[in-house]
Amino acid sequence: MTMGTRDVWQLIQAFNLERNLGIVDRKYAKMRKNALAFFRGSCHLFYRDLPMHSRLNSAPVVWICGDLHLENFGAYKGNDRQIYFGINDFDEGVLAPCTWDITRLLTSIFLAVDSLSLDRSDGDGLAQIYLTSYLSALSAGKIRSIVEDNAQGIVANLLKDLHRRKRSELLDERTELIGDRRQLKFDDEKILKISIQNHQQVTQSIDTWAKTQANPDFFEVLDVGFRVAGTGSLGLDRYLILVVGKGSPDRNYLLDFKQQPISSLQPYLITNQPTWTNQATRVMKVQSLVQSSPPALLAAIEFNHSSYLLRELQPTQDKIALKTGKISLAQLEKLITTMGEVTAFVHLHGNGKLGASIAQELMDFGQNTDWQQDVLIYANSYARQVQLDYQAFCQATQDL
């Protein structure tokens, strides 16, 4: 597969042009880590390159994650306070062919072969495991949530560990006690100080919104910092907010307040989309369509001439570390089986809603074998293209 003549570095710079340049530099540093990290930070390239005249586009349309890859799965607390394992990032979520999610995930598997020091044959096997698991769950047409009681392998261990974790432990990681009042721990790496004016603006926005809620005192702001997290979204405004919650000091809550731009898939969509009030509403609605219980405290708020998604903080340690020596091939096979099931459950959960295909269409598609080899071949080939793009990107940014 060839993408023709193009300047990858120029395309990436253009995409990030209006973002915070200081934070974008951190994004580029993360993207230089390996080809999988580069893939995570360049979702827009994946869809720019996706062939429009392909069987990849003839699949049933569903509410997709849009940026599906191995590291966009994790544990999260739902608004019912249950802890789930699932897809935890829907910033790019749109209505599109289900094969778009599948192909992007499979590409990430092929890219992970190098970062996990696996053999090429292992990558082929893991890709087939994911696809088989997805198809089996899709064909059955039944939806279930992955929780502690039915999880397997390292997913079960993750959910058990989180179930035992106390709120005060999470607070102690991100905050410090000054007398009987908590404040954020600023470290110049993950939590940055902001100006007094910016602090006041964020606080005022949350206060105004809180007055529309049943318990506004819960959202009384104690402290605000700039949060540096993720890869693809780096450079957007994102805040960590400490609120009173259910009481100080050990029942305070940490909230993530993140700017939501237009989905990077928007220029390449082939399916009509609903009209959203704003982009944060789009993300919030997609999550409500595809998850049994969306993340806790999820809300869309207008702020600073943009829209932001508010939700309870989902710590990075609630993900499974995909690092060499940290996970065996056998563990990885079980994990990817679960990821395949989760993807199918998400696609099925949104069936028939706001233009999505109905369940029977998805079940029939799961039993159709015609398209499966196309997806595997394309994902494998595109992974090689990503490797080339990654090398070009590293060459172009070596002096940054």
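Coordinate-derived values only; no laboratory data. What you see is a predicted model; the values in this text were computed from it and never measured. Methodologically, a virtual Cβ is constructed for each residue, glycine included, from the backbone with ideal geometry; neighbour enumeration extends over all protein chains shown.
General remarks:
- Pairs exceeding 25 Å between alpha-carbon atoms, taken from 142/285; 190/211; 185/211; 211/258; 30/319: 190/211; 185/211.
- Kirkwood-based Rg to Rh ratio, region 1-137, C-alpha trace: 0.97
- DSSP-assigned coil residues among GluC sites (Glu not before Pro) in region 156-237, each with at most 12 further Cβ atoms within 10 Å: 189
- Think of the chain as a dipole: +1 on every Lys or Arg Cβ, -1 on every Asp or Glu Cβ, centred on the Cα centre; then among 244, 64, 224, 244 lies furthest on the positive end.
- Net length gained if the chain between residue 272 and residue 29 were fully extended (0.36 nm per residue, minus Cα distance): 83.9 nm
- One equal scatterer on each Cα of region 90-179, no solvent, Debye formula: the resulting log10 I(q)/I(0) at q = 0.22 Å⁻¹ is -1.17.
- Here the mean projected area of the convex hull built on the C-alpha positions of region 45-124 is 6.8 nm².
- Here the dipole of region 39-160 is about 280 debye; that uses its Cα centre as origin and unit charges on the Cβ of Lys and Arg (positive) and Asp and Glu (negative).
- Candidate aspartates and glutamates for bridging to residue 33, where Cα separation is under 14 Å - those fewer than 8 sequence places away on the same chain excluded: 25, 114, 389
- Pair-distance distribution of the chain: all C-alpha pairs, bin width 10 Å, starting at 0; shares per bin in whole percent are 5, 22, 33, 27, 11, 2, 0.
- Full-stretch length increase - residue 48, residue 193 - with 0.36 nm per residue and alpha-carbon distance subtracted: 48.6 nm
- Ellipticity at 222 nm from helices only: DSSP H runs of n ≥ 4 in the chain, each -39500 (n - 2.57), divided by the residue count, give -14000 deg cm²/dmol.
- On full extension, the segment bounded by residue 333 and residue 384 gains 16.1 nm, given 0.36 nm per residue less the C-alpha separation.
- Cleavage-rule hits (trypsin sites (Lys or Arg not before Pro)) in region 257-324: DSSP loop, at most 14 neighbouring Cβ within 10 angstrom: 323
- Paired Rg and Dmax values of region 164-317, which use every Cα atom, in angstrom: 16.1, 57
- Isotropic mean projected area of the C-alpha convex hull, region 298-400 (nm²): 12.1 nm²
- Under the combined filter of DSSP loop state and at most 13 neighbouring Cβ atoms within 10 Å, region 9-95 retains these trypsin sites (Lys or Arg not before Pro): 81.
- Taking only the C-alpha atoms of region 291-346, the Rg (one decimal) and the largest Cα-Cα distance, Dmax (whole number), read 16.4, 48 Å.
- Of all lysines in the structure, the ones whose alpha carbon falls short of 16 Å from that of residue 246, not counting any fewer than 8 places away in one chain, are 166.
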